[in-house]
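Novice: Here's a structure for you.
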Amino acid sequence: METFLIRALQLILSLSILVIVHEGGHFLFARLFKIRVEKFYIFFDPWFSLFKFKPKNSETEYGVGWLPLGGYCKIAGMIDESMDTEQMKQPPQPWEFRSKPAWQRLLVMVGGVLMNFLLALFIYSMILYAWGERYTALSDMTYGMKFNEHAQQIGFRDGDILKSADGKELTRFDMDMIRSIVEAREVTVLRDGEEKRILLPELSLLDVAQEDPMFVSVLYPNVVDSVLAEGGLARAGVQKGDSLVAFNGKPLNSWNEFQNEIGMLRAQAELDKKTSAEFSLVYSRAGMRDTVHVVTDANFKVGAIGGLVDYKETEVDYGFLASFPAGVTLGVNTLKGYVSDMKYVFTAEGAKSLGGFGTIGSIFPKAWDWQRFWEMTALLSVMLAVMNILPIPALDGGHVLFLLYEIIARRKPSDKFLEYAQIVGMFLLFGLLIWANFNDVMRYLF
């Protein structure tokens, strides 16, 4: 329950910041062009609001709604989620949105997206300023990578050190590295001191990301680092420094393989309604091998830690001014990666992988961590900017599409058309929202 509350609080705080900044972008440009803003709300307020106030001599009512699905800025003289069609039946007023030139209306509509992206760049810059970068370079991972069966069929081998993808240097193990490999036609690795080139077939990032075991992961040596005194391996006589050679007769070349075998054993034992499992293990000590019988602890633990390596860590610290270009680079790369991944949303598998508030909340840490919180907020800010600029009615991108049509064709779509488009867009968005959260429920149940 405590974990749920911590994640929920982080999610609410993050979304509140993003909504304020997004709607603030619309508000800023609207006021810049002397357009009246009637309401500025965090979250939606159908039927009632949790809080509202209107400063003296102000045209704007500020408030907090009870439905945390976003927020809105009710701008006079436009058809938006408020569906205030009565106002549109009145003669246009000089302070209304519809009375302004198309280029001004265009800036008002892109203001939210622009501010979200600028916020992401600022947050990334401040993260780098406050915490810097800490990572292990792929070139320093001297044991190389561990590849699953699919990757090995393509041509990768356990222990390969990743060098480049289509000539672009691979520097660290992260999602950008996996994306670069999936999108590449040729990957260069260092194998036994020699460079090898591996030709790749067409791959789907969505499929690769769902593979278990992972397509590529860090390889950990099959050496025991420590054992619990009463654990399963300790009872069998295994000690720190021993190398694991075989599991139930199957050769082991890494701690990864040992963990995979334990996982499969556990899955079978659970199907058989057992609370522990047994297996034979061959280990090596000082060049001598021995075979032992191991019984796992409760929850199928073996009471040992292994595969630990002391790789050199690369540390990069940034001064205040230097953090901004580095933050911009990080933000732009994040934007490119997210836009590249958008193509998977429009596939059958992509639709199944969509998640709602449960999925979004799960990306926040179980314990409060400010660095992780700001990293996730920056990522969500990029995602919100991209999603909002999509040319879908009811989104900012839909309004932008109609405004671009007006600028090019020199004719404005009718208010009735815009009204119907807004209704269709809202049905699409609510349908998408229901589907995404339904996926969350199904994942939780099954």
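The values are calculated or read from the model by the stated rules, or taken from the named source; none is laboratory data. Just so you know, these numbers come straight off a predicted model, no measurement behind them. Positions of Cβ are backbone-derived with ideal geometry, glycine not excepted, and every protein chain shown enters the neighbour counts. In case anyone asks, the SASA skips ligands and DNA or RNA and just uses the protein heavy atoms, side chains included. Shrake-Rupley method; radii C 1.70, N 1.55, O 1.52, S 1.80 Å.
Novice: Does residue 11 meet the test of being more than 24 Å from residue 110 (Cβ to Cβ) and assigned to a helix (DSSP H, G or I)?
Specialist: Working: more than 24 Å from residue 110 (Cβ to Cβ): yes; assigned to a helix (DSSP H, G or I): yes.
Against the criterion (more than 24 Å from residue 110 (Cβ to Cβ) and assigned to a helix (DSSP H, G or I)), residue 11 qualifies.
Novice: Among the residues of the range 9-32, write down those that are open to solvent by less than 30 Å² (accessible area, probe 1.4 Å) and hydrophobic (A, V, I, L, M, F, W, C). I'd like the intermediate steps shown before the answer.
Specialist: In the first step, residues of the range 9-32 are kept if they are open to solvent by less than 30 Å² (accessible area, probe 1.4 Å); the result is 10-11, 14, 16, 18-19, 22-26, 30.
Across the range 9-32, the qualifying residues are 11, 18, 19, 30.
Novice: Looking only at helices (runs of 4 or more DSSP H) that lie completely in the range 136-240, which have at least 2 residues being in contact with a strand residue (DSSP E or B) (Cβ under 8 Å, 6 or more places away or on another chain) and within 20 Å of residue 307 (Cβ to Cβ)?
Specialist: Numbers: elements: 149-154, 175-183, 205-209, 232-235.
In the range 136-240, 232-235 are the helices (runs of 4 or more DSSP H) which contain 2 or more residues that are in contact with a strand residue (DSSP E or B) (Cβ under 8 Å, 6 or more places away or on another chain) and within 20 Å of residue 307 (Cβ to Cβ).
Novice: Are there any pairs, at least 6 apart or on different chains, whose C-beta atoms fall under 6 Å, with the first in the range 363-374 and without any contact (Cβ under 8 Å) to a residue 24 or more places away in the chain and the second open to solvent by less than 90 Å² (accessible area, probe 1.4 Å) and in a loop (DSSP other than H, G, I, E, B), and if so, which?
Specialist: Final answer for the pair search is 372/365.
Novice: What single numbered condition from (1) surrounded by 15 or more Cβ atoms within 10 Å (Cβ to Cβ); (2) of a type outside the set (Gly, Ala, Ser); (3) assigned to a strand (DSSP E or B) fails to hold for residue 261?
Specialist: (3)
Novice: Which of the residues belonging to the range 242-258 are of a type outside the set (A, V, I, L, M) and surrounded by 15 or more Cβ atoms within 10 Å (Cβ to Cβ)?
Specialist: The first filter runs over the range 242-258 and keeps only residues of a type outside the set (A, V, I, L, M), leaving 242-243, 247-251, 253-258.
If the condition is that a residue be of a type outside the set (A, V, I, L, M) and surrounded by 15 or more Cβ atoms within 10 Å (Cβ to Cβ), then 242, 243, 247, 253, 254, 255, 256, 257, 258 are the ones that fit.
Novice: Let me ask something additional. Of the residues that sit in the range 276-304 and are in a strand (DSSP E or B) and among the aromatic types (Phe, Trp, Tyr), which one is surrounded by the fewest Cβ atoms within 10 Å (Cβ to Cβ)?
Specialist: Residues of the range 276-304 in a strand (DSSP E or B): 278-285, 288-295, 304.
Checking the rest, the ones that are also among the aromatic types (Phe, Trp, Tyr) come to 279, 283.
Details: 279: 19, 283: 24.
Top of the filtered list is 279.
Novice: Just to be sure I understand the filter: pairs with C-beta atoms under 6 Å, separated by 6 or more residues or on different chains, first member in the range 78-91 and within 15 Å of residue 414 (Cα to Cα) and open to solvent by less than 40 Å² (accessible area, probe 1.4 Å), second member at pLDDT 70 or above and of a type outside the set (Ser, Thr, Tyr). Which pairs pass?
Specialist: Taking only residues 6 or more apart or on different chains, the pairs are 78/97; 79/418; 79/419; 79/422; 88/415.
Novice: Right, here's the next one. Residue 56 fails exactly one of the following numbered conditions: (1) open to solvent by less than 40 Å² (accessible area, probe 1.4 Å); (2) over 31 Å from the mean Cα position of the chain (by Cα). What is the number of that condition?
Specialist: (1)
Novice: At pLDDT below 95, among the hydrophobic types (A, V, I, L, M, F, W, C) and either outside any loop (DSSP other than H, G, I, E, B) or over 21 Å from residue 437 (Cβ atoms) (or both): which single residue out of 390, 335 fits that description?
Specialist: Details: 390 fails: either outside any loop (DSSP other than H, G, I, E, B) or over 21 Å from residue 437 (Cβ atoms) (or both).
Answer to the check: 335.
Novice: Show the residue pairs meeting these rules: Cβ distance below 6 Å; 6+ apart or different chains; first residue within the range 408-426 and under 16 Å from residue 101 (Cα atoms) and open to solvent by less than 40 Å² (accessible area, probe 1.4 Å); second residue part of a helix (DSSP H, G or I) and at pLDDT below 85.
Specialist: none
Novice: Regarding the range 336-349, can at least one residue be identified that is in contact with a Leu (Cβ under 6 Å, 6 or more places away or on another chain), surrounded by 15 or more Cβ atoms within 10 Å (Cβ to Cβ) and under 22 Å from residue 387 (Cβ atoms)?
Specialist: The first filter runs over the range 336-349 and keeps only residues in contact with a Leu (Cβ under 6 Å, 6 or more places away or on another chain), leaving 344, 349.
Restricting the remaining residues to those that are surrounded by 15 or more Cβ atoms within 10 Å (Cβ to Cβ) gives 344.
Within this subset, residues satisfying the condition of being under 22 Å from residue 387 (Cβ atoms) are 344.
Yes, the range 336-349 has at least one match.
Novice: On to the next question. Scan the range 241-258 for residues that are part of a loop (DSSP other than H, G, I, E, B) and of a type in the set (A, V, I, L, M) and report the count.
Specialist: Start the filter on the range 241-258 by keeping residues that are part of a loop (DSSP other than H, G, I, E, B), which leaves 241-242, 248-249, 252-254.
From what is left, the residues that are of a type in the set (A, V, I, L, M) are 252.
Number of matching residues: 1.
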